[in-house]
Amino acid sequence: MKKFSILVCLSCLCTSFSYAQVINCDDPTSSSLKKICSDQFADIRQNLNTQSVTAFLISDAPQRLLVDTHQLWLNRLQQCKSLACYQQQMDFRIDDLNFYTSLNQSLTQHYLKFEHGTIAKQPVHLQVHQLSKDKIKIEGIAYRNPNNRIETQTISFLAYTTPDQKQNITDNENNCHYQFNFQKAILSVKSENKACNRFVGVYRVYD
């Protein structure tokens, strides 16, 4: 029985390592990977790989979320046109992984925007945090061109509400009003204001 338990633990550990999205520089297949596999990024690349493995081993965030957000990050990385952009994107990913690792994710629901059955080409990530029995925090980030100035690379979303008022949400960042329709596996977000369309759409929950 003891041997069986050890084998199960080793199997789980191997599974986590197989899912962990580390940067493999043995045979970089794209120009962006060739850039970040250069010697000047060696230290931050090692840090990123360490954080990735750590997140998959100890974070209680859904593993599918870690995989999909890694792919979204790679997509942004491929858009970079400068070394500064590569550096910023690697820093951002390390911050994301630290967030997934350091905070209790069991009280947070993660949503990614989907279009035509796949993750939206202009990604949006919403997080619904249960702060207490009577208080909910909703925050989000809509990603833009990573070559923009750092303050214009993303659009932020922030709202506070209660379990009884989850349908009508006001984004404090942009003073936009939304209708949130929470269903079992998806979240539908609508707004009558066309200027608020960046966060409008259908989202898939990660649990």
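Bear in mind these aren't lab numbers, they're just calculated from the coordinates by the rules spelled out. Because the structure is a prediction, the values reported are computed rather than measured. Neighbour counts run over all protein chains shown; Cβ positions are idealised from the backbone, glycine included.
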With Cα coordinates, the longest principal axis of the chain makes an angle with the long axis of helix 2-19, in degrees rounded to 10, of 70 degrees
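According to the Kirkwood expression over distinct Cα-Cα pairs, how big is the hydrodynamic radius of the stretch 19-102, in Å?
12.9 Å
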Filter K137/K190; K133/K194; K81/K137; K34/K113 down to the pairs with a C-alpha to C-alpha distance above 27 Å, please. K133/K194; K81/K137; K34/K113
Pairs of alpha-carbon atoms within less than 8 angstrom and 6+ residues apart define the contacts here; what relative contact order does the stretch 19-102 have, in percent? 39 percent
What is the angle, in °, between the Cα long axis of helix 83-102 and the longest principal axis of the Cα atoms in the chain? Nearest 10 is fine, range 0 to 90. 80 degrees
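Can you compute the helix-only [θ] at 222 nm over the chain? Use -39500 (n - 2.57) per DSSP H run of at least 4 residues, normalise by all residues, nearest 500 deg cm²/dmol.
So the calculated ellipticity at 222 nm is -12000 deg cm²/dmol.
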Formal net charge of residues neighbouring A159 (Cβ-Cβ distance under 9 Å; K, R +1; D, E -1): -2
If each part is reduced to its alpha-carbon centroid, the stretch 143-207 and the stretch 57-115 end up apart, in Å, by 18 Å
For the chain, find the longest principal axis of its Cα atoms and tell me its angle to the long axis of helix 63-77, 0 to 90°, nearest 10. 90 degrees
Gain on full stretching of the segment that runs from D91 to T54 - 0.36 nm per residue minus C-alpha separation: 11.7 nm
With loop defined by DSSP as not H, G, I, E or B, and exposure as at most 16 other Cβ atoms within 10 Å, which is the longest segment of the chain clear of exposed GluC sites (Glu not before Pro)? 1-172
Based only on Cα atoms, what mean projected area does the convex hull of the chain have, in nm²? 14.4 nm²
Pairs of alpha-carbon atoms within less than 8 angstrom and 6+ residues apart define the contacts here; what relative contact order does the stretch 34-180 have, in percent? 16 percent
